[in-house]
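Participant: Below you will find the structure I want to go over with you.
The values are calculated or read from the model by the stated rules, or taken from the named source; none is laboratory data. These figures come from a predicted structure and were not determined experimentally. Here Cβ is always computed from backbone atoms with ideal geometry, including for glycine, and neighbour counts include all displayed protein chains. The protein model used for the area step is the full one, side chains on, heavy atoms only, and it has no ligands, DNA or RNA in it. Shrake-Rupley method; radii C 1.70, N 1.55, O 1.52, S 1.80 Å.
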Amino acid sequence: MWVMRKKLTQKGFTLLEMLSVIFIVGVIAAIAAPSWLAFTEGKRLNVGRDELYLGLREAQTKAQRRGLDWQFSLRERNGAVEWATHPKSVPAATAQWTALESTSLKIDGETTFATSGGTYYVRFDDDGNVQYRLGRVTLSSSRVPKLKRCVVVSTIIGAMRKSKEQSTPRDGKLCY
């Protein structure tokens, strides 16, 4: 008599196989995570820098169009970077401030704009020329401090450019 026996087979993965896969995925994640964090913070810094650049251009344009001295002001308040454009005759404290979207951004120590009462500023005359002092505003990230983005007001006629951290410092600054 022939009896048919059913073969018992088990399907699935062994514990060793599962642990191996989890280990490999963990190693890949550990390698990729810092790069991904730097990438996302770099994008946040670019957005913040671009917003400040446009704010500076707005102040310069308003000075030219309205025939008044106009000011771009910048400060840190309650953990956020804020900026405002306003006539020079209006105190910065009473200006309408706009906060940068990302709270991980901060004003870096490389910033060289003029300061008054904890507020950085640049003034433009009625021709759009820089009054008083040239300089740069530098943003950095609290999450990835080595990343920097800056806007440089480089000439008395108000020429501006955007930049980011460089590999070699110039005059002790990385963003130029």
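Participant: Rounded to the nearest 500, what is the 222 nm mean residue ellipticity of the chain from helices alone, with -39500 (n - 2.57) per DSSP H run of 4+ residues and division by all residues?
Facilitator: Only helices count here, giving -11000 deg cm²/dmol.
Participant: If the label point is 7 Å along Cα→Cβ of Asp171, which residues in region 106-145 have backbone nitrogen under 16 Å from it?
Facilitator: It comes to 109-115, 132-138, nothing else.
Participant: So what's the net charge close to Tyr53: Lys and Arg +1, Asp and Glu -1, counting the other residues with Cβ under 11 Å from its Cβ?
Facilitator: Combined, the nearby Lys, Arg, Asp and Glu give +2.
Participant: Stokes-Einstein D for region 23-73 at 37 °C, 0.692 mPa s, Kirkwood Rh over Cα pairs, in µm²/s?
Facilitator: It comes out at roughly 237 µm²/s.
Participant: Length gain on complete extension for the stretch Trp36 to Glu58, per 0.36 nm per residue less the alpha carbon to alpha carbon distance?
Facilitator: 4.6 nm
Participant: Something else: Name the residues of region 107-135 whose amide N is less than 14 Å from a point 7 angstrom out from the Cα of Ile157 along the C-beta direction?
Facilitator: In region 107-135, the label zone of Ile157 (backbone N under 14 Å from the point 7 Å along Cα→Cβ) covers 127-130.
Participant: Given the Cα-Cα distance of Leu16 and Asp127 and 0.36 nm per residue of separation, how much length would full extension add, in nm? Kindly include the intermediate steps, with their values, before the conclusion.
Facilitator: Working: separation 111, 0.36 × 111 = 39.96 nm, distance 7.37 nm.
Roughly 32.6 nm would be gained on extension.
Participant: Hey, for a label at Arg65 modelled as a point 7 Å past Cα toward Cβ, could you say which residues of region 111-147 have their backbone N under 19 Å away?
Facilitator: 123-130
Participant: Still on this model: Roughly how many debye, to the nearest 20, is the charge dipole of the chain about its Cα centre, given +1 on each Lys and Arg Cβ, -1 on each Asp and Glu Cβ, and no other charges?
Facilitator: On the way: 27 positive and 16 negative charges, 171 e Å.
With Lys and Arg at +1 and Asp and Glu at -1, about 820 debye.
Participant: Sort out for me the Cα centre separation of region 114-176 from region 62-98, rounded to whole Å.
Facilitator: 16 Å
Participant: Further, regarding this structure: Computed FRET efficiency, Cβ-Cβ of Glu101 and Val27, R0 25 Å: what is it to the nearest 0.05?
Facilitator: E between Glu101 and Val27, to the nearest 0.05, is 0.15.
Participant: Among Met160, Ala114, Cys150, whose Cα projects farthest towards the positive end of the dipole of the chain, with charges put on the beta-carbon of Lys, Arg (+1) and Asp, Glu (-1)?
Facilitator: Of the candidates, Cys150 comes out farthest on the positive side.
Participant: Got the relative contact order for the chain handy, in percent, Cα pairs under 8 Å and 6 or more residues apart?
Facilitator: After rounding, I find 18 percent.
Participant: Mind computing the radius of gyration and Dmax over the alpha-carbon atoms of region 127-176? Å is fine for both.
Facilitator: So, for region 127-176, Rg and Dmax equal 12.4, 40 Å respectively.
Participant: Using a probe radius of 1.4 Å on heavy atoms only, what accessible surface per residue do you get for region 1-95? Whole Å² is fine. Walk me through the intermediate numbers first.
Facilitator: On the way: 7110 Å² over 95 residues.
Ligands and nucleic acids excluded, the result is 75 Å² per residue.
Participant: Please state the relative contact order of region 131-176 as a whole percent: Cα pairs under 8 Å, 6+ residues apart?
Facilitator: 29 percent
Participant: Find the Cα radius of gyration of the chain, compare it with 2.2 N^0.38 Å by division, and give the number to two decimals.
Facilitator: 1.70
Participant: While we're on this one: Of Lys88/Lys162; Lys88/Lys146; Lys43/Lys88, which sit over 29 Å apart, Cα to Cα?
Facilitator: Violating the 29 Å Cα-Cα cut-off are Lys88/Lys146; Lys43/Lys88.
Participant: Still on this structure, please answer the following. Work out the charge dipole of region 1-123 with +1 on the Cβ of Lys and Arg and -1 on the Cβ of Asp and Glu about the Cα centre, then indicate which of Leu105, Leu56, Val27 is farthest towards its positive end.
Facilitator: Farthest towards the positive pole: Val27.
Participant: Then there is this: Would you please report the Å³ per residue occupied by the convex hull of the alpha carbon atoms in region 1-85?
Facilitator: That works out to 178 Å³ per residue.
Participant: Also, I was wondering about something else. Compute and list, largest first, the equivalent-ellipsoid semi-axes of region 51-98 from the alpha carbon gyration tensor, each √(5λ) rounded to a whole angstrom.
Facilitator: 20, 12, 6
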